[in-house]
Each structure stands twice: as C-alpha cells, then as structure tokens.
Amino acid sequence: MDGGRENFSPQTDLRDFLAACEENGQLEKVDGAHWDKEMGAVVEVLYRERVEKAKAVLFDNIPGYPQGYRTLYGMLASPYR
C-alpha cells in the first residue's frame, strides 16, 4: 500500500504538479480569499488536524492583486504528494 501515490509520476514544473494534485483529489481551490484576513485562517483550519491528509490549497483571485496572481500552500506538506 503506497497511500495513493501510484498516480504521482515525476512532474517537470508546477503546472504539472498542480494537474497531478487535482487529478488525485489532493488540491483544494479557494477563490477570492483576502490575503491578510482569510488565507492564513483557511490554511490553519485545514491543517490543524491530520496534516498528512490535508490537501494542497491554491488561492486565486486575491483581492488587491492582478488577475492571475495565485498562492499555493501546503505543496509538500503531505507524504501523499
């Protein structure tokens, strides 16, 4: 038993990694969270218990930042990725 790693082949860049995470149910997307008021709280709640099972979190459409600026939390926080 490998903990769900069978579909995670080596990736060549971050886009490939994000696609693999999404394909394997290891990516949570959050749209419109405020960088100063919400992003840290969202990540803390998701990672408070069982960090090894928590998904990577991709924040998009961050208020006050240009379209296309995103942040990724927990990219390497789980042995399943």
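The values are calculated or read from the model by the stated rules, or taken from the named source; none is laboratory data. Quantities reported herein were computed from a predicted structural model and do not represent experimental measurements. No Cβ is skipped: glycine too gets one built from the backbone with ideal geometry, and neighbour counts run over all protein chains shown.
Quick check on my filter: what residues within the range 57-71 are among the hydrophobic types (A, V, I, L, M, F, W, C) and within 21 Å of Asn24 (Cβ to Cβ)?
Those that are among the hydrophobic types (A, V, I, L, M, F, W, C) and within 21 Å of Asn24 (Cβ to Cβ): Val57, Leu58, Phe59.
Quick one: in the range 10-22, which of the residues that are acidic (Asp, Glu) and either assigned to a helix (DSSP H, G or I) or in contact with a Ser or Thr (Cβ under 9 Å, 6 or more places away or on another chain) (or both) is nearest to Val42 (Cα to Cα)?
Quick first cut of the range 10-22, residues acidic (Asp, Glu) only: 13, 16, 22.
So of that shortlist, the ones also either assigned to a helix (DSSP H, G or I) or in contact with a Ser or Thr (Cβ under 9 Å, 6 or more places away or on another chain) (or both) come out as 16, 22.
On the way: Asp16: 24, Glu22: 19 Å.
Among those residues, the one meeting the criterion is Glu22.
Can you give me the number of residues within the range 59-81 that are buried (at least 19 other Cβ atoms within 10 Å of the Cβ) and under 13 Å from His34 (Cα atoms)?
So the count comes out to 2.
Anything in the range 41-52 that is of a type outside the set (Phe, Trp, Tyr) and either touching a Leu at 6+ places or on another chain (Cβ under 7 Å) or surrounded by 15 or more Cβ atoms within 10 Å (Cβ to Cβ) (or both)? List them, or say none. First the steps, then the outcome.
In the first step, residues of the range 41-52 are kept if they are of a type outside the set (Phe, Trp, Tyr); the result is 41-46, 48-52.
Val42, Val43, Leu46, listed by residue number.
Filter the range 12-39 down to residues that are polar (S, T, N, Q) and within 13 Å of the chain's Cα centre (by Cα) and give me whichever is modelled with the lowest pLDDT. Show your work before the answer.
Here is the first cut: in the range 12-39, the ones polar (S, T, N, Q) are 12, 24, 26.
Still in the running and within 13 Å of the chain's Cα centre (by Cα): 24, 26.
Values: Asn24: 90, Gln26: 93.
Among residues in the range 12-39 that are polar (S, T, N, Q) and within 13 Å of the chain's Cα centre (by Cα), the one modelled with the lowest pLDDT is Asn24.
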